[in-house]
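**Q** Structure incoming, see below.
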Amino acid sequence: MKFMKSILVYGIFLFLVLPPRGFAFQSKTEYTLSGQTMGTFYTIKFLAGKNEDLGSLQTRVDMCLRDINKTFSMFDPESRLSLFNRQEMGAEMKVPSDFYAVLSTGQRLYQITHGAWDGTVKPLVDLWGFGTKKTENRIPGPEEIRLALSRTGFHHIRFLENHTLAKDADLTLDLSSIAKGYGVDALASLFRASGIGDVLVEIGGELYAAGTNKKGEPWSVGISRPDKDNSKQDLYQIVRLSNQAIATSGNYRNFFEMNGKTYSHIINPKTGFPVDHHIVSASVIAKDCTFADGLATALMVMPAEEGLNLVNGLEDTECLIVEKKEGVLESHMSEHFHRFLAQ
């Protein structure tokens, strides 16, 4: 458990903006729990009575995160994800409800983005040296890319009754672009079930804001300036959220350069190549962080106009897409994103 006294940095892209000193305190006390999970850090700020049992809460948080890791870890050979990846083609597997729910969200994302989000791109991510199998930076050949593409495609996963799944191709799931968001949602649900309605949950830059902050106002969350040279505390925008999630994806920190060209870790599932356009970050506000997390990744793949059109057609969903052209950042907001901007 760690008590934070100043600005809380949230992953690479987002961080909480603390209210100014001198405001009137409510009867509730503000607490912070923090730790490590999913290869990154988590932070939970919440309001509760002065006699809140922090030890019990921390234990429940730890148990929740252990269960999530046991389900979605790429590194645990006995995780549900690893077992599914080893499952024979055509064989049916009954899975836990959370695993089925996350893949169902993935199926929706795959469909509405026309494949821009695809949880089966691991062979391509590994091929380009950005995956769990670290390789020397190089440009793969056409035949290597073709072979990797043949082992991708979320549409090869079949959703059956009673939380049962099957796959019709030799697929390898990697849900890193959506699992942290699910972890955020799960922790937010845990606090709601504990009777705590004012909470801000963050895992690796993905957040869910429930209720209000100490001032009785929506939580203020900063979107970091999408620039590889910034200090992670250089704000680009500040949004105010209550009972909403926000997730940001970007390509300005994880890339390699070769022969004067930059290759991003964001892989286009359709072409097998890293994305090659001006988008440097995409932030999504939605009702749940699982969906926001995956959609932010998809918006990094899609052309900006196409992504905006998609989001403008979705209920309770807004986005901020940032492009960098000739060194200048240019914002593209969905129709109602401005409503969340701090004045």
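**Q** Rank these for me by crowding, 228, 122, going from fewest to most other beta carbons within 10 Å.
**A** The most exposed by this proxy come first: 228, 122.
**Q** Right, here's the next one. Sort 63, 300, 333 so the one with the fewest other Cβ atoms within 10 Å of its own Cβ comes first.
**A** By the 10 Å Cβ count, ascending: 63, 333, 300.
**Q** Which distance in nm do the two modelled labels at residue 147 and residue 306 give, with both placed 7 Å along the Cα-to-Cβ direction?
**A** Label-label distance for residue 147 and residue 306, simple model: 2.8 nm.
**Q** Here is a follow-up. Sum -39500 (n - 2.57) across every DSSP H segment of at least 4 residues in the chain, then divide by the residue count to get the 222 nm mean residue ellipticity, nearest 500.
**A** Details: 8 runs with 93 residues, N = 343.
The helix-only estimate for the chain comes to -8500 deg cm²/dmol at 222 nm.
**Q** Using all alpha carbons of the chain, what is the percent of pairwise distances in each 10 Å bin, ordered from the shortest bin to the longest?
**A** 5, 25, 33, 25, 10, 2, 0
**Q** Additional query: What ³J(HN,Hα) values, in whole Hz, does the Karplus curve 6.51 cos²θ - 1.76 cosθ + 1.60 give for the stretch 242-250 when θ = phi - 60°, with x put for Gly and Pro?
**A** Residue by residue, the stretch 242-250 yields 9, 6, 9, 10, 9, 9, 10, 10, x Hz.
**Q** Let me ask something else about it. Near the amide H of residue 41, under 5 Å away, which other amide H atoms are found, from residues 5 or more places off or on another chain, if H is placed in the peptide plane?
**A** Residues meeting the criterion, in which the H sits 1.01 Å from N, are 204.
**Q** What whole-number distance in Å separates the alpha-carbon centres of the stretch 180-229 and the stretch 274-330?
**A** After rounding, the separation between the Cα centres reads 20 Å.
**Q** Turning to a different aspect of this structure: Skipping prolines and chain starts, which residues have an amide H placed within reach, meaning under 5 Å, of the one on residue 243, given they are 5 or more residues away or on another chain?
**A** Excluding prolines and chain starts, which carry no amide H, the hits are 209, 210, 211.
**Q** Compute the Rg to Rh ratio over the stretch 80-167 from the alpha carbon atoms, using the Kirkwood formula for Rh, and round to two decimal places.
**A** Ratio of gyration radius to Kirkwood radius for the stretch 80-167: 1.01.
**Q** Right, something else. So for 194, 27, fewest C-beta neighbours within 10 Å to most, what's the order?
**A** Working: 194 16, 27 7.
Final ranking by Cβ density, sparse to dense: 27, 194.
**Q** Counting only residues 5 or more places away or on other chains, whose amide H sits under 5 Å from the amide H of residue 117 once H atoms are built in the peptide plane?
**A** Under 5 Å from the amide H of residue 117: no residue qualifies.
**Q** Now a separate question. Checking the a/c ratio against 1.5 first, then a/b against b/c, what shape does the Cα gyration tensor give for the stretch 263-338?
**A** Oblate shape, in that a/c is at least 1.5 and b/c is the bigger or equal ratio.
**Q** Still on this structure: Are there DSSP H segments in the chain that both extend 15 Å or more along their axis (alpha-carbon positions) and score a mean Kyte-Doolittle hydropathy of at least 0.0? List them, or say none. Walk me through the numbers before you get to the answer.
**A** Details: long enough: 54-72 (27 Å, -0.12); 97-112 (23 Å, 0.04); 179-193 (21 Å, 0.47); 289-301 (19 Å, 1.47).
Within the chain the helices that satisfy the rule are 97-112, 179-193, 289-301.
**Q** As a test of the definition: which semi-axes, in Å, follow for the stretch 30-145 when you take the square root of five times each eigenvalue of its alpha carbon gyration tensor? Largest first, please.
**A** 34, 19, 15
Laboratory data are not the source of any read-out in this text; all were calculated from the coordinates shown. Given the structure is predicted, the values throughout are model-derived calculations rather than measurements. We place every Cβ from the backbone using ideal geometry, glycine too, and count neighbours over all the protein chains shown.
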